Amino acid sequence: MHPRTEMLDLVVVEGHAKGVVVRNLSTGEITTHAADAVILATGGYGNVFYLSTNAMGCNVMAAFRAHKRGAFMANPCYTQIHPTCIPVSGDYQSKLTLMSESLRNDGRIWVPKSAEDAQAIREGKKTGADIPEDERDYYLERKYPSFGNLCPRDIASRAAKECCDEGRGVATTGLGVFLDFEDAIKRDGEDAIRARYGNLFQMYEKIVDENPYKRPMMIYPAVHYTMGGLWVDYNLMSNLPGLHVLGEANFSDHGANRLGASALMQGLADGYFVIPSTIAVYLAEQKPGAVTTSHPEFKKVENEVKDRLKSLMDIKGTKSVDSFHRELGLLVWDKCGMARDRAGLEEALERIPEIRHEFWTNVRIPGSSSGLNSELEKAGRVADFIEFAEVLCHDALAREESCGGHFRTEHQFTEADEEVQDGTTQTGEAKRHDDHYQYVAAWEHTEPGQPPNLHKEELIFEEVKPSIRSYK
Amino acid sequence: MPLLNLTLKVWRQENAKSEGRIETYEAKEIPTSASFLEMIDIVNERLIQDGEEPIHFDHDCREGICGMCSMTINGVPHSKERGTTTCQLHMRKFDDGETICIEPFRANAFPVVKDLVTNRSAFDRIIASGGYISVRTGSAPDAHAIQIPKADADTAFDAAACIGCGACVAACKNASAMLFVSAKASHLNHLPQGQSEKDQRVLGMVRQMDEEGFGNCTNQFECEAVCPKEISASHIAKLNRDYLSASARDSVS
Ligand SMILES: Cc1cc2nc3c(=O)[nH]c(=O)nc-3n(C[C@H](O)[C@H](O)[C@H](O)COP(=O)(O)OP(=O)(O)OC[C@H]3O[C@@H](n4cnc5c(N)ncnc54)[C@H](O)[C@@H]3O)c2cc1C
Ligand code: SF4
Ligand code: FES
């Protein structure tokens, strides 16, 4: 095991992934390692949004380094926003906490019907209990009578956003909806609810300082999972021979929208069942140990890594790494979050290069690159998040449809649509354009600062035909 | 939102070899709804603005499941709040004007890497020396093929809640790792799947624990009091029994 060791780059020898360059985070030492093949299992990119339910260390660096060395980045615009998270409480916030999805089994989600009541709640003049039953809007039950509070994550998240956009949010920031257990407690008793959700209620109370048995919980959607990632084939090998990508870091399995519990399933399947067999397909054609770190490419990449660390340390600007990360995150959340449109994405694509430029001229990293330096670690990751954000927005801009975790406001069903008139679906639902967009968008890195190149992998459905979903 | 002004006394240490010292910092205008780590983030942001090195500390999940956020707060690992990791501690638990002492976890087996960051790889090595359990691969077994009494499943689950933070070691005057090791052993020893390698696991882990320089357990129960996952010291008794019988069998064979 190599704890506290971070991969800072991939070494490609004659077109094949043959090793990595790593930094020992405790000592700052840079070392190179050669191998017959490389496996990345380095997780998702949710922290490009700064605030997410992911751990603080989750980052896109390993995947993005591989991308810059030739691996395609697929479908980055498919990002999953989880509906049941604890709302943001202030700008010092560092991460968001997920409340388990299971809460939606018994909790009822609502906001006041009127914006005035919501405002009174935000200002502390009223509480949820003061709002009479007929003044509450159980919006999921209203819009999706058969699925109600259990409708899919993207629908529940977007519906919460709509209510808050209408001024009916209930948290002090305006961004929060109620998840109310009053009826469940009346029906099953407090003990039954405690047995089911006791630990979650306790966690909520620790963070929010309110007793959810007595007052409805408040929740708001937050970035949770990223379906996109490095492109891989059925053997989990990327287009870059030798590079294998497992788990959340790859784009496979979940399409445009992951279902609950299937990420861990994928981790198990990829690591335990798939790769032990499929990596052999690649290894069978390699001479074991043929490439060693004495190959000049290792020294070259090592020097590039060292130069990059030195450039970061030499900037000696005025703003902290976190301040850039926060700014980028807010921008991406705003323009490429739960709902996206062309104008917003174009704005983001103008703004991101400016942030990149400011970062590389004005970031301040105290300390030195020898020894533990958490600011330097974060700086390398944020630098990649900034570049990655551009790929993300390019993908979201190019995909002129709404599909799963990607919702373009221009592409939603309206009254004019036949499918709405005949009751197949309803207004405001995601509208796919299968005739034009039934493909995986695999992006190839070009030049720094230049838009990536799009490669399309057509999706062919032989047995099951895609249809319009309806949760009415 | 109410804001707090606090004084921090923080252990600063450049690296494992250098001498450490306590530095004093003002933590101004800290929102009561911020977490303890967010409070340090705020202080660090100001330190960076002032051209100083931020306070280094370990953290990752910030929701009480990874075990990284090790620090001793006013003399108690993870603070005096029961059943709480440092990352789950909120500033509303402190009073305006309070002085807070923050130190790394102290134990010979956990050398300081920098400031509040300690190297707890000794725990990784203990886990590794416990080895694997045998699993039959091939087609999936039927869900009811191995039945586990609910009491055993619950006990195993409670033990599995250990996040390997090391607070138990830091709280113990002997720096004993028995609560951690017993939780990890107990988790598998309570389950049918853990039986075949039980002796090997217990002997391997206990021997590694001794080798890493953790002290002996003299039933102080400080570990149980600070454990953020409220792991019961009764697991230690079970480990002792399992160790005794494993040693007996080991000396015979
Ligand atoms: C709060 C929360 C709850 C969840 N609940 C569920 C659930 O109930 N069911 C479910 O199926 N899924 C759930 N998920 C999703 C699931 O946990 C993740 O998708 C899954 O853990 C990803 O596993 P992974 O191994 O691909 O990546 P990760 O677990 O993210 O592991 C990546 C590893 O790579 C390391 N790493 C990253 N970059 C580098 C580098 N450059 N060099 C060296 N190391 C690096 C990281 O430190 C990390 O250890 C949840 C996610 C969150 C955040
Ligand atoms: S037993 Fe408790 S205190 Fe010790 S490592 Fe496990 S969770 Fe931490
Ligand atoms: S940061 Fe993970 S337990 Fe505290």
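The values are calculated or read from the model by the stated rules, or taken from the named source; none is laboratory data. Model, not experiment: these values are computed from the prediction. Glycine also receives a Cβ, built like all others from the backbone with ideal geometry; neighbour counts cover every protein chain displayed.
Quick notes on this structure:
- Checklist (1) under 15 Å from the mean Cα position of the chain (by Cα); (2) surrounded by fewer than 23 Cβ atoms within 10 Å (Cβ to Cβ); (3) at positive phi applied to A:G260, failing item: (3)
- When restricted to residues that are within 14 Å of ligand 2 (Cβ to nearest atom) and assigned to a loop (DSSP other than H, G, I, E, B), region B:65-90 contains 14.
- Subset of region B:148-178 (residues that are in a loop (DSSP other than H, G, I, E, B) and in contact (Cβ under 8 Å) with a residue 12 or more places away in the chain): B:I148, B:A161, B:C162, B:I163, B:G164, B:C165, B:G166, B:C172, B:K173, B:N174, B:A175, B:A177
- Note on region B:214-245: among residues that are among the hydroxyl-bearing types (S, T, Y) and assigned to a loop (DSSP other than H, G, I, E, B), the one that is surrounded by the most Cβ atoms within 10 Å (Cβ to Cβ) is B:S232.
- Cβ-Cβ contacts under 8 Å between residues 6 or more apart (or on different chains), taken from a first residue in region B:79-98 that is touching a residue at least 60 places away in the same chain (Cβ under 8 Å) and closer than 20 Å to A:N199 by Cα to a second residue that is assigned to a helix (DSSP H, G or I) and within 15 Å of ligand 3 (Cβ to nearest atom), are listed as B:T84/A:K206; B:Q88/A:M203; B:Q88/A:K206; B:Q88/A:I207.
- Among residues of region A:430-472, those that are of a type in the set (K, R), surrounded by 10 or more Cβ atoms within 10 Å (Cβ to Cβ) and assigned to a loop (DSSP other than H, G, I, E, B), counted: 4
- The set of residues in region B:167-195 being closer than 16 Å to B:K229 by Cβ and of a type in the set (S, T, Y) consists of B:S182, B:S186.
- Residues that are among the aliphatic types (A, V, I, L, M) and more than 11 Å from chain B (Cβ to nearest Cβ), drawn from region A:194-214: A:A195, A:L200
- Residues of region B:165-207 that are within 16 Å of ligand 3 (Cβ to nearest atom), closer than 17 Å to B:T72 by Cβ and in contact with a helix residue (DSSP H, G or I) (Cβ under 6 Å, 6 or more places away or on another chain): B:A167, B:C168, B:F180.
- Of the strands (runs of 3 or more DSSP E) lying entirely inside region A:26-129, those containing at least 1 residues that are within 12 Å of chain B (Cβ to nearest Cβ) are A:79-85.
- Complete set of residues in region B:95-147 that are surrounded by 11 or more Cβ atoms within 10 Å (Cβ to Cβ), under 18 Å from B:S79 (Cβ atoms) and of a type in the set (D, E, K, R): B:D96, B:E98, B:E103, B:R106, B:D115
- Considering only residues in region A:199-221 that are in a loop (DSSP other than H, G, I, E, B) and of a type in the set (D, E), the one that is nearest to A:A156 (Cα to Cα) turns out to be A:E210.
- Just one of the numbered conditions (1) within 14 Å of chain B (Cβ to nearest Cβ); (2) modelled with pLDDT under 95 is not true of A:S146: (1).
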